[in-house]
Amino acid sequence: MKIVVQKVKEASVSNENIENKIKKGYCLFVGIGRETTEADIETLAKKIVNARLFEDEDGKLNLNIQQVEGEILSISQFTLYADVRKGNRPGFTRSMPPEQANAFYEQFNNALRSYGLNVLTGQFGTDMLVNIANDGPVTIIYESQDGKIV
């Protein structure tokens with residue numbers, strides 16, 4: 001499982017069916033790979049919630065998202081598992097099949113919500129317009145395999 005975390009001043013996602021927007025918090029791009037496990041979901045949810053990516057009164061990255069009362073915009077992103085080793089067209093066989101990936105994605109979002117966070121989402125498996133006001137900029141990639149950070 002791979003997640004790109006961007007600290008944002010605001011972020012939104014929309015298409016003809018949805019329009020979700022957050023203020024201060026994280027915009028997450030969530031990739032579910034074929035080998036993603038439930039342990040990866042719990043490991044990454046806990047790691048992201050506890051990540052100290054917000055400034056304290058001294059300007060140091062010392063506060064987590066709960067301490068600043070931030071929100072999360074979570075967007076599924078199967079392209080994080082693109083295989084670009086051959087040719088010019090990426091392959092996506094390392095991504096989990098959509099039906100199973102959607103279940104894992106929902107489980108991940110619920111794991112984040114279990115920490116008391118407001119978590120809004122995009123619409124799984126559709127084209128969406130994503131707007132991000134990256135703060136910092138701070139962008140970090142988290143990856144877990146078999147419940148362990150890699």
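General remarks:
Per-residue answers, yes or no, for (1) assigned to a strand (DSSP E or B); (2) more than 15 Å from the chain's Cα centre (by Cα); (3) touching a residue at least 12 places away in the same chain (Cβ under 8 Å):
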site	(1), (2), (3)
ILE3	yes, no, yes
LYS7	yes, no, yes
GLU10	yes, no, yes
ASN17	no, yes, yes
VAL30	yes, no, yes
ILE48	no, no, yes
ASP58	no, yes, no
ASN62	yes, yes, no
ILE65	no, no, yes
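- On the stretch given as segment 8-36, residues that are modelled with pLDDT under 95 and either buried (at least 21 other Cβ atoms within 10 Å of the Cβ) or small (Gly, Ala, Ser) (or both) total 0.
- Within the set ALA39, ALA45, the sole residue that is surrounded by 20 or more Cβ atoms within 10 Å (Cβ to Cβ), under 18 Å from ASP146 (Cα atoms) and either out of contact with any Leu (no Cβ under 8 Å at 6 or more places or on another chain) or not aromatic (Phe, Trp, Tyr) (or both) turns out to be ALA45.
- Qualifying residue in segment 70-88 (condition: basic (Lys, Arg) and within 24 Å of ASP135 (Cα to Cα)): no
- Meets criteria (hydroxyl-bearing (Ser, Thr, Tyr), in contact with a strand residue (DSSP E or B) (Cβ under 7 Å, 6 or more places away or on another chain) and surrounded by fewer than 19 Cβ atoms within 10 Å (Cβ to Cβ)) for THR126: no
The values are calculated or read from the model by the stated rules, or taken from the named source; none is laboratory data. Here the structure is a predicted model, which is why all the values come from computation and not from measurement. So basically every Cβ, Gly included, is an ideal-geometry build from the backbone, and we count neighbours across all protein chains shown.
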